[in-house]
Amino acid sequence: MLLTDFDLFGHPVAAPQVVTPPRRRVVSQAAKRAKLARHLENSNNLVLFDELLDFLKAPLLKQQIDMDATFASDVGTVGVIEVDEDGSTQDSDEAIVIPYEAWGESWVTDSNGLSWSKEGLLFTQVRLFWRSMEELALNNNEQEKWSVLRWIFRPAIWKHYVYDKRIGRSHCFEVHERDETFSFHNCCIAARVDEDTVREGVRRNIPVEVVKAVEKVCSFD
């Protein structure tokens, strides 16, 4: 201890030491992306979900989404309903009712018996496309981004499983993107954008290993 002075009672006083505060390490988004890519590449399990969701907290698209006001998101006007772990709402006496109003002349009828006009169907497809692009440009919505990426990179033909209670097992049949009303393929056609261009633009903003992880998960949907 280096003594340089005495206090009022004659006791030696140590010289004050200059403490250098620890340097704050700022990790760039590119460094985080590279770290995640190394984790995914070296892991036996291609999807490290915690690391992946941490990466997806940041926006994947840096430019603001410029869309027609007709198709702009109205999510801010929708009230939040708290749901318990068992799936029930906090107020069990109130059932969640989604209003349905027919829009235009009936064109097709879905599996729930609801009729869709051609205009209403096209509007919903375009709204879904732009809403999904908006999710990619937002912060702290990792689950939503994960769903959008699975939607975008889903293969043109995928397997769909339906459980049959009568025989106690599932049936598997193939679904083509053209036959799925709200597939990425059909929503791009409705929005009049080239799906390959959009997909490639998203691909350039995420590591190759993340794309592989998404495609691997999509193959088991």
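The values are calculated or read from the model by the stated rules, or taken from the named source; none is laboratory data. Quick caveat: nothing in here was measured; it's all calculated off a predicted structure. Glycine gets a Cβ as well: all are built from the backbone with ideal geometry, and neighbour counts include every protein chain shown. Note: accessible area is taken over every heavy atom of the protein model, side chains too, but ligands, DNA and RNA are not part of it. Shrake-Rupley method; radii C 1.70, N 1.55, O 1.52, S 1.80 Å.
Considering (1) modelled with pLDDT of 85 or more; (2) assigned to a strand (DSSP E or B); (3) not aromatic (Phe, Trp, Tyr), the lone condition that HIS171 does not fulfil carries the number (1). Here region 212-221 is the region considered, the condition is being open to solvent by less than 10 Å² (accessible area, probe 1.4 Å) and at pLDDT below 85, and the residue that is farthest from VAL162 (Cα to Cα) is ALA213.
Residues in region 137-196 that are within 29 Å of ALA58 (Cβ to Cβ), in contact with a strand residue (DSSP E or B) (Cβ under 8 Å, 6 or more places away or on another chain) and surrounded by fewer than 10 Cβ atoms within 10 Å (Cβ to Cβ): none. Take the conditions (1) under 19 Å from ASP68 (Cβ atoms); (2) outside any helix (DSSP H, G or I); (3) of a type in the set (Phe, Trp, Tyr); TYR163 misses just one of them, which is (1). Collect the residues in region 124-179 that are farther than 17 Å from VAL202 by Cα, among the acidic types (Asp, Glu) and in contact (Cβ under 8 Å) with a residue 12 or more places away in the chain, keeping them in residue-number order. Matches in region 124-179: GLU174, GLU177. Taking the condition surrounded by 15 or more Cβ atoms within 10 Å (Cβ to Cβ) and either aromatic (Phe, Trp, Tyr) or outside any helix (DSSP H, G or I) (or both), does ILE206 pass? Yes; evaluated as a whole, the condition is true for this residue. Filtering region 182-203 to residues that are of a type outside the set (A, V, I, L, M, F, W, C) and not in a helix (DSSP H, G or I) leaves SER183, ARG192, ASP194.
From the list LYS212, LYS159, LYS216, the one residue that fits, being among the charged types (D, E, K, R), in contact with a Leu (Cβ under 6 Å, 6 or more places away or on another chain) and closer than 28 Å to LEU53 by Cα, is LYS216.
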